[in-house]
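The values are calculated or read from the model by the stated rules, or taken from the named source; none is laboratory data. What you are looking at is a predicted structure, and each value in this text was computed from that prediction instead of being measured. Here Cβ is always computed from backbone atoms with ideal geometry, including for glycine, and neighbour counts include all displayed protein chains.
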Amino acid sequence: MAYENRKAGKCVLNQYEFEEDLKKVIGSSVLQPDRFNHLLGLSYLDCSLAETWIELLFDVEEWSKNPSGDVHGGVICSLFDTATGMGAVTLTQMDVTTTDLTVSFLKPFSGTQYVFRIDYTNVGRRMVRAMGKAYDRQSGKLCATAMSSFMVVGERSTALRV
């Protein structure tokens, strides 16, 4: 079921608009090259407004690795937080802020590319809740899961209005 604007009683976006807006939100990090989202470098893979999920891709770079050569756990947490937040902004058309994030690490991130699949379990006027999974793109193995919540905090910021 598509996100509905409860005040207006109508759907805010159609599938095409959702996909295009998500791509723009992801791409907005280019406008801020010195900020963390740009460094993470997430890219668009797929999405469904009707089923409220998104898939983003992370290409591993040297800066993201821990001393063992795997992706650092803090980077993985940031990837879940950022990916989920980008989808939440697109779904609500509002600014959001993280209220909680829980990540479970299942396997080392020792590959070169990871797919972050985020399923939005609740998109409300005040809160957005999501569950995420990160897969090694080459092997298809599930490497980590996450649960997070976001609070809708107001009008979409200028940086995300692209």
Practice task
Sort out which residues of the range 125-148 are under 22 Å from L49 (Cβ atoms), at pLDDT 95 or above and either surrounded by fewer than 17 Cβ atoms within 10 Å (Cβ to Cβ) or in contact with an Asp or Glu (Cβ under 9 Å, 6 or more places away or on another chain) (or both), and write them in order of number.
Solution key: R126, M127, A130, M131, G132, K133, A146, M147, S148
Handout entry: Among the candidates F36, F105, F116, residue that is of a type in the set (A, V, I, L, M, F, W, C), at pLDDT 95 or above and farther than 23 Å from Y16 by Cα
Key = F105
Practice task
Please name all residue pairs, on different chains or six or more residues apart, with Cβ atoms under 7 Å, provided the first residue is in the range 141-153 and is in a strand (DSSP E or B) and the second residue is among the basic types (K, R).
Solution key: L142/K133; C143/K107; T145/K133; S149/R129; M151/R126; V152/R125; V152/R126
Practice task
Using the structure shown, decide if V60 is β-branched (V, I, T), more than 21 Å from G140 (Cβ to Cβ) and in contact (Cβ under 8 Å) with a residue 24 or more places away in the chain.
Solution key: no
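A quick yes/no check of all residues on (1) hydrophobic (A, V, I, L, M, F, W, C); (2) at positive phi; (3) in contact with a Phe, Trp or Tyr (Cβ under 6 Å, 6 or more places away or on another chain); (4) in a loop (DSSP other than H, G, I, E, B):
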residue	(1), (2), (3), (4)
G74	no, no, no, no
C77	yes, no, no, no
F80	yes, no, no, no
T97	no, no, no, no
K107	no, no, no, yes
S110	no, no, no, yes
V115	yes, no, yes, no
R129	no, no, no, no
Exercise for the section: Scan the range 64-74 residue by residue and report those that are of a type outside the set (A, V, I, L, M) and touching a helix residue (DSSP H, G or I) at 6+ places or on another chain (Cβ under 7 Å). Expected result: S64, H72
Fill in the blank from the handout: Per the filter on the range 33-50, residues of a type outside the set (A, V, I, L, M, F, W, C), under 12 Å from the mean Cα position of the chain (by Cα) and not in a strand (DSSP E or B) are N37, G41
